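Chemist: Let me begin by handing over the structure; questions about it come next.
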Amino acid sequence: MEEAIRQRVRAHDKYQVEFKLDYPLLPQRRTRYQITTYIFVPSSLAIRSDTYSKTEFYRDVQNYVRLQTPLVPLHELRCATDSPLLRLQQLVDSLPAPQPRYAQQYTPHQQSVDRQIVNCLKFMRTVLRSSLRLELRLIRRIERQRIDTAARVTQFRTMITNAIQELHAILDHFRELGAQLRRLRNDPQIQHAYRLADESISLVVEEFLVNLFRLVSQTPESTVRAEFEQQIEAEIEAEIAYRQRVRYPALLHPDSDNELFLNRASTLKKYASSVLYLSLTIHREGTALEHVLFALAAGLSMIFATVVAFYFQGRYGYFTFPVFAALVVGYMFKDRIKETGRTLFAHVLRRFLFDRRVTIRTLDGKRRLGFLREKVTFVENGAIPANVLAVRNRRFSPELDVASSGENVICYTKEVVLHADAFRQIATGGPAIAGVNDIMRHDIRPYLRKMDDPYERRYYVKDGKLSLARCHRVYYLNVVTLYTSEGKHHFQRLERTRIALTRKGIERIEQFA
């Protein structure tokens, strides 16, 4: 279980860091994870509790939760029992013979079949993309192996040939199913869903072939380059010609700004990926308990004011100056007692409750799959666990890297609870769901406001001459993440990521095992 949770950190763009976490569904009914992330920020950037509130942090964070894309190797897409391609074949085979329009009946069973067909079409695109990425990684790994050149070239050539042939067979099968679907189910919505999925799959295939061409063009073996470059280029042109023939709009034009292409490709990706995304409902945690405790604070302050009023009225009478003064002073202290009580109770609540609770449901909102809770605080160095500090300072001198510069530390805690039984009941139209992806994008622009210029010139003397050297100034955000899984499969793991920033945005991201 050491690798139960996987985290990948990358730059989504120049100003957003993307943290992608994979949560596998463990065998027990409830899967519970806790992820605590410590962000070490240089104090010169002025990111503190009084300058960067919780509201601002959550405003700069964008969360997505989706089902993990099932991973099916490319050579199993046409034969695996849980392949979306075979599931689509079964659904098409179950369709009745076409009837005259006046005799058609749209029954609840037909509605269910139509929904399953649309889900299979979307899953086909997402699973194929995942399979092609895996295939590309395997080919790249072979190309980089330090083995006998002749054996490596033979294996490299075989894998590329097999991948192209298998891809041909998958596309032929899928497009033949599309032709059958047009004959058996001449419904505009089904036909539109097929065309969107087919266009998106065509773009995925072209992207794979372009990356394969790049890989082949970089290999040192000239015979392999000569053998495959022309073949892969012909495959790319054939796929583009197919989209032109069936009049799909997503075409890349080298002499254009390609605004339509980029927008279309992004829309198609979101359309197909929508089958994986889950619905999130966010609300503040502990609202009812907060109202009860605040009411208790108001009650205590009222008790104090009432006791003062009764005491002075009983001793000095109703309409006397001492009673008047006591009522004024009692009201003043009543107000302070109430506010002090609210502050104390709020502090206690913050220790035991999270800031937000996010309920995870299926996209249609019908099935509750779990929830996650979030909390963010600024912590002092003395409150940071020793193992976290040890990972933070690994490979660096603690005296220079931490003590001299000084850092403010943001602690972002996330607790995730997944109901495995509910996930097993989701009908995906493809392989069983193995886990959940939690994607968080954090906007780093608030960290850039106090930065100096990204470049500085320094004088140096060499060979009796005074010259200028250009120095690149970066600031480091060190992120240490502690993963904990509770229950029978208990484990803990720490990972460290270093994000290099300049005033212009993200320079690079380094991950340390």
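Chemist: Can you go through Thr69, Thr51 and tell me which one is assigned to a loop (DSSP other than H, G, I, E, B) and more than 26 Å from the chain's Cα centre (by Cα)?
Modeler: Working: Thr69 fails: more than 26 Å from the chain's Cα centre (by Cα).
So the residue among Thr69, Thr51 that is assigned to a loop (DSSP other than H, G, I, E, B) and more than 26 Å from the chain's Cα centre (by Cα) is Thr51.
Chemist: I'm trying to understand the selection: among the residues of the range 241-260, which are crowded, with 16+ Cβ neighbours inside 10 Å and at pLDDT 90 or above?
Modeler: Tyr242, Arg243, Tyr248
Chemist: For the list (1) open to solvent by 70 Å² or more (accessible area, probe 1.4 Å); (2) within 30 Å of the chain's Cα centre (by Cα); (3) closer than 18 Å to Cys120 by Cβ; (4) not polar (S, T, N, Q), I need the number of the one condition that Arg183 fails.
Modeler: Tallying (1) open to solvent by 70 Å² or more (accessible area, probe 1.4 Å); (2) within 30 Å of the chain's Cα centre (by Cα); (3) closer than 18 Å to Cys120 by Cβ; (4) not polar (S, T, N, Q), Arg183 fails exactly one: (2).
Chemist: Based on this model, can you work out whether Gln189 counts as under 30 Å from Leu95 (Cβ atoms) and either assigned to a helix (DSSP H, G or I) or open to solvent by 40 Å² or more (accessible area, probe 1.4 Å) (or both)?
Modeler: Criteria met by Gln189.
Chemist: Tell me the residue from Thr413, Thr428, Thr484 that is in contact with a strand residue (DSSP E or B) (Cβ under 8 Å, 6 or more places away or on another chain), at pLDDT below 80 and either more than 30 Å from Val72 (Cβ to Cβ) or among the hydroxyl-bearing types (Ser, Thr, Tyr) (or both), please.
Modeler: Values: Thr413 fails: at pLDDT below 80; Thr484 fails: at pLDDT below 80.
Of the residues listed, the single one that is in contact with a strand residue (DSSP E or B) (Cβ under 8 Å, 6 or more places away or on another chain), at pLDDT below 80 and either more than 30 Å from Val72 (Cβ to Cβ) or among the hydroxyl-bearing types (Ser, Thr, Tyr) (or both) is Thr428.
Chemist: Still on this structure, please answer the following. Residues in the range 74-88 that are in contact with a helix residue (DSSP H, G or I) (Cβ under 7 Å, 6 or more places away or on another chain) and open to solvent by 40 Å² or more (accessible area, probe 1.4 Å): how many?
Modeler: Residues meeting the conditions: 3.
Chemist: While we're here: Can you pull out the residues in the range 222-238 that are open to solvent by less than 30 Å² (accessible area, probe 1.4 Å) and either modelled with pLDDT under 90 or farther than 20 Å from Leu138 by Cβ (or both)?
Modeler: Result: Val224, Phe228, Ile236.
Chemist: Right, here's the next one. Can Tyr271 be described as open to solvent by less than 50 Å² (accessible area, probe 1.4 Å), under 25 Å from Thr69 (Cβ atoms) and hydroxyl-bearing (Ser, Thr, Tyr)?
Modeler: no
Chemist: Among (1) under 16 Å from Ser131 (Cβ atoms); (2) open to solvent by less than 30 Å² (accessible area, probe 1.4 Å), there is one condition Glu207 misses while meeting the rest; what is its number?
Modeler: Only one criterion in (1) under 16 Å from Ser131 (Cβ atoms); (2) open to solvent by less than 30 Å² (accessible area, probe 1.4 Å) is unmet by Glu207, namely (2).
Chemist: Another question, then. Could we say that Ala297 is in contact with an Asp or Glu (Cβ under 9 Å, 6 or more places away or on another chain), assigned to a helix (DSSP H, G or I) and more than 30 Å from Ile201 (Cα to Cα) here?
Modeler: Yes, satisfied.
Chemist: Quick one: would you say Glu290 is closer than 30 Å to Glu339 by Cα and in contact with an Asp or Glu (Cβ under 7 Å, 6 or more places away or on another chain)? Full working, then the answer.
Modeler: Details: closer than 30 Å to Glu339 by Cα: yes; in contact with an Asp or Glu (Cβ under 7 Å, 6 or more places away or on another chain): no.
When the stated conditions are applied, Glu290 does not pass them.
Chemist: Here is a further query. So if I check each of Tyr248, Tyr242, which one is outside any helix (DSSP H, G or I) and not β-branched (Val, Ile, Thr)?
Modeler: Matching residue, one of Tyr248, Tyr242: Tyr248.
Chemist: Give Arg342, Arg350 a once-over and let me know the one that is touching a strand residue (DSSP E or B) at 6+ places or on another chain (Cβ under 9 Å), closer than 30 Å to Glu374 by Cα and modelled with pLDDT under 80.
Modeler: Going through Arg342, Arg350 in turn, the sole match is Arg350.
Chemist: Among the residues of the range 457-475, is any assigned to a strand (DSSP E or B), at pLDDT 90 or above and surrounded by 14 or more Cβ atoms within 10 Å (Cβ to Cβ)?
Modeler: Taking every residue of the range 457-475 in turn, at least one turns out to be assigned to a strand (DSSP E or B), at pLDDT 90 or above and surrounded by 14 or more Cβ atoms within 10 Å (Cβ to Cβ).
Chemist: Just name the residue that is nearest to Thr55 (Cα to Cα) out of those in the range 290-305 that are touching a residue at least 24 places away in the same chain (Cβ under 8 Å) and either open to solvent by 70 Å² or more (accessible area, probe 1.4 Å) or hydroxyl-bearing (Ser, Thr, Tyr) (or both).
Modeler: Step by step, filter the range 290-305, then rank; the result is Leu296.
Chemist: Let me ask something else. Which numbered condition trips up Thr287, out of (1) within 27 Å of Ala169 (Cα to Cα); (2) surrounded by fewer than 17 Cβ atoms within 10 Å (Cβ to Cβ); (3) without any contact (Cβ under 8 Å) to a residue 40 or more places away in the chain?
Modeler: (1)
Chemist: Filter the range 376-387 down to the residues that are in a strand (DSSP E or B), touching a helix residue (DSSP H, G or I) at 6+ places or on another chain (Cβ under 9 Å) and open to solvent by less than 40 Å² (accessible area, probe 1.4 Å) and list them by number.
Modeler: Val376
Chemist: Among the residues of the range 166-193, how many are of a type outside the set (Asp, Glu) and within 15 Å of His75 (Cα to Cα)?
Modeler: Final tally of qualifying residues: 7.
Chemist: Residue by residue through the range 146-180, note down the ones that are open to solvent by less than 40 Å² (accessible area, probe 1.4 Å), touching a residue at least 40 places away in the same chain (Cβ under 8 Å), in contact with a Lys or Arg (Cβ under 9 Å, 6 or more places away or on another chain) and not charged (D, E, K, R).
Modeler: Ala169, Ile170
The rows are residues; the columns are (1) of a type outside the set (Val, Ile, Thr); (2) modelled with pLDDT under 90; (3) in contact with a strand residue (DSSP E or B) (Cβ under 7 Å, 6 or more places away or on another chain); (4) open to solvent by less than 40 Å² (accessible area, probe 1.4 Å).
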{"position": "Pro24", "(1), (2), (3), (4)": "yes, yes, yes, yes"}
{"position": "Arg30", "(1), (2), (3), (4)": "yes, yes, yes, no"}
{"position": "Gln34", "(1), (2), (3), (4)": "yes, yes, yes, no"}
{"position": "Phe40", "(1), (2), (3), (4)": "yes, no, yes, yes"}
{"position": "Tyr52", "(1), (2), (3), (4)": "yes, no, no, yes"}
{"position": "Glu56", "(1), (2), (3), (4)": "yes, no, no, no"}
{"position": "Arg59", "(1), (2), (3), (4)": "yes, no, no, no"}
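Chemist: Could you check, for the range 353-375, whether at least one of its residues is in a helix (DSSP H, G or I) and either out of contact with any strand residue (DSSP E or B) (no Cβ under 8 Å at 6 or more places or on another chain) or open to solvent by 70 Å² or more (accessible area, probe 1.4 Å) (or both)?
Modeler: Checking the range 353-375: not a single residue is in a helix (DSSP H, G or I) and either out of contact with any strand residue (DSSP E or B) (no Cβ under 8 Å at 6 or more places or on another chain) or open to solvent by 70 Å² or more (accessible area, probe 1.4 Å) (or both).
The values are calculated or read from the model by the stated rules, or taken from the named source; none is laboratory data. Bear in mind that the values here come from a model prediction, so they are computed numbers and not experimental data. Neighbour counts are summed over all protein chains in view; Cβ atoms, including those assigned to glycine, are modelled from backbone coordinates with ideal geometry. Areas reflect the complete protein model, heavy atoms only, side chains present, ligands, DNA and RNA absent. Shrake-Rupley method; radii C 1.70, N 1.55, O 1.52, S 1.80 Å.
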